[in-house]
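Q: First the structure, which I've put down as structure tokens, then a few questions once you've had a look.
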Amino acid sequence: MQCDICFRAGRQGEKKLHFLCPTDARNQLYEGRIQNARVLLENDALNSQIANLFPGDKAQQNGEPPNTAKSSIYIAAISAEKDQAVDRTNQIITQADELRAKVELAKEQIAKRKAIVARRKSDLASASNGVDARRTRQVEEVKKATGMTKHKWNLGHATTASSRTFLCGEAAKLYGLKKGRRNSGTEEYRIGGVRIVDLRSLNTASPAEISTALSHIVHLLMLSTHYLAIRLPAEITLPHRDYPLPTIFPVASSYKHTDVPFPGSTPNQSSNTSPTASRHAEAPSNLPHPRPLFVTKPLPLLSTEDPSGYGLFLEGVTLLAYDIAWVCKSQGIPVGDESNFEDICNLGRNLYNLLIGTRPRPSPGSRASSAQSTPTKGGRDTDGESERKNPSFTTMGNFSHGTAHSFLGGAVGTDFIRSWKLPSPTKLADKLKSKLLSEVANAEWEMLDADAWAVDDVMGDDGVVVGARKEAAERQQNLGMQSFMSMRTVVEAVEMVGGDGERKPGTSGWTKLRK
């Protein structure tokens, strides 16, 4: 405005002029009054809005002046809620934008996957064309490859069995295992130049002959089982350091202990008196007792002087006979009547039939016949499978414990072993013991005391031996018996037995004639 008195504008330029009249002062205050009025109007508008949103207290309804403090609190609360609403709205808008972006991305991915699925469907349709023919061809190829693999496996196993058979036969020939006939026409078997004694005629054999024959048999049997990869049911221990002679364990105690001391030997006692040393010293008492496969005295004499040793020796030889019969059955070699005691006790015949026998033995380089050289149509190898399914028709070297093919510990091998009817070694030992003791009891003999024996030395020719030769001086010191039975000691038994292994007539005993 322009002053009515000084005719000056309220402001001229950038400089403020001093008040010269009331008009200038009024003009200076107008702007602030207008702003204050604007603020009051806005405040009234807000108060009316708040009053509409939040009904006032009773004082306001009654026309009383409102409480300024409560009004400010309400205003602050409303402002806070407004800010929260704005913030929440912004968050919702942000999340909505994110969801829109994700939806767009998902739509793009779905479109790409639909394209991929469509392409795969087309590829599948093109690949499915002729799939049955290809599948049939691939199955046939797999069957053919499997059949060829089985055929090669069977052919390799047949070659291995042939090599095993050849090695066993050659080892038996090198050991001098032979078959002959006595003068009486009965069969006789020898090994290393020593007659293999039948278990039923052990009473008439010398200790040296029995021990030597058993030692040879054990060595040859262990070598053969090594070639055949077979574990015997009754474990045999060959001579080694501090173990001069062979022994055999019972079936229940086999392959459970190591470093078992030789029967009759005393383990070295430790000088340490600690509890640990004492426990180690007591350990051998829990070890099994092996059965000897040797004898140092004639069996009739051993039965009277050492009945326990006599029983252990008979258990040992019957366990050996059981091992040989078991190996024969596992290799398809007949042992006669497998439940017959006499057929099992014939060690020489069973061992000869096992290692040499009458069937032709192939050389190690021989192969299967031309019919077996290629698998049959369809990839089937009928020969190998038929032998595995019918183990009763097995051949030498087929079943073993050393190969997965024709494994004796498998299901087929276990059923094959269960089909045997071999008697237990305990029954064999009882029958053998009763037979040998009955022979000794039924033999004609006469007891001579020491005086009568001394008289014989003085009598010279006064004592007449019926059907026997004169005794040599060097043989008399080996008798070792105060009473002389008609069945002589083993050192003299060889002379009493003829070439055919039968006792000569007239050698049943001594008859002393006195004047």
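Q: If a residue has to be open to solvent by 90 Å² or more (accessible area, probe 1.4 Å) and either modelled with pLDDT of 70 or more or at positive phi (or both) to count, how many in region 416-452 make the cut?
A: Total satisfying the criteria: 7.
Q: Scan region 293-309 residue by residue and report those that are touching a residue at least 40 places away in the same chain (Cβ under 8 Å) and assigned to a helix (DSSP H, G or I).
A: Matches in region 293-309: 299, 300, 301, 303.
Q: In the set 107, 150, 179, 144, which member is more than 30 Å from residue 324 (Cα to Cα) and in contact with a helix residue (DSSP H, G or I) (Cβ under 9 Å, 6 or more places away or on another chain)?
A: 150
Q: Follow-up. I need a count of the residues in region 291-341 that are aromatic (Phe, Trp, Tyr) and open to solvent by 10 Å² or more (accessible area, probe 1.4 Å).
A: 4
Q: Looking at (1) at pLDDT 80 or above; (2) open to solvent by 100 Å² or more (accessible area, probe 1.4 Å), can you tell me which one residue 14 breaks?
A: So residue 14 meets the others, but not (1).
Q: So, in region 405-415, exactly how many residues are within 16 Å of the chain's Cα centre (by Cα), of a type in the set (A, V, I, L, M) and open to solvent by 20 Å² or more (accessible area, probe 1.4 Å)?
A: Qualifying residue count, region 405-415: 1.
Q: For region 296-310, name all the residues that are in contact with a strand residue (DSSP E or B) (Cβ under 9 Å, 6 or more places away or on another chain) and closer than 17 Å to residue 200 by Cα.
A: None; the set is empty.
Q: Hey, among 48, 126, 122, 79, which residue is part of a helix (DSSP H, G or I) and modelled with pLDDT under 85?
A: Of 48, 126, 122, 79, the one residue that is part of a helix (DSSP H, G or I) and modelled with pLDDT under 85 is 126.
Q: Can I ask one more? Could you identify the single residue in 165, 160, 149 that is free of Cβ contacts under 8 Å to residues at least 24 places away in the same chain, within 30 Å of residue 331 (Cα to Cα) and in a helix (DSSP H, G or I)?
A: 149
Q: For residue 118, only one of the following conditions fails: (1) within 47 Å of the chain's Cα centre (by Cα); (2) open to solvent by less than 80 Å² (accessible area, probe 1.4 Å). What is its number?
A: (1)
Q: Among the residues of region 185-207, is any under 36 Å from the mean Cα position of the chain (by Cα), at pLDDT 90 or above and assigned to a helix (DSSP H, G or I)?
A: no
Q: With (1) modelled with pLDDT under 80; (2) open to solvent by 50 Å² or more (accessible area, probe 1.4 Å); (3) part of a loop (DSSP other than H, G, I, E, B) as the list, and residue 357 as the residue in question, which single condition is left unmet?
A: Result: residue 357 fails condition (2) only.
Q: Turning to a different aspect of this structure: Does residue 324 satisfy the condition of being at pLDDT 90 or above and within 29 Å of the chain's Cα centre (by Cα)?
A: So residue 324 passes the test.
Q: What are the residues in region 143-192 that are open to solvent by 60 Å² or more (accessible area, probe 1.4 Å), of a type outside the set (Ser, Thr, Tyr) and within 18 Å of residue 212 (Cβ to Cβ), if any?
A: Hits for region 143-192 are 174, 178, 190.
The values are calculated or read from the model by the stated rules, or taken from the named source; none is laboratory data. Quantities reported herein were computed from a predicted structural model and do not represent experimental measurements. When we count neighbours, we look across all protein chains shown, and the Cβ atoms used for this are built from the backbone with ideal geometry, even at glycine. The accessibility values were calculated without ligands, DNA or RNA, using every heavy atom of the protein model including side chains. Shrake-Rupley method; radii C 1.70, N 1.55, O 1.52, S 1.80 Å.
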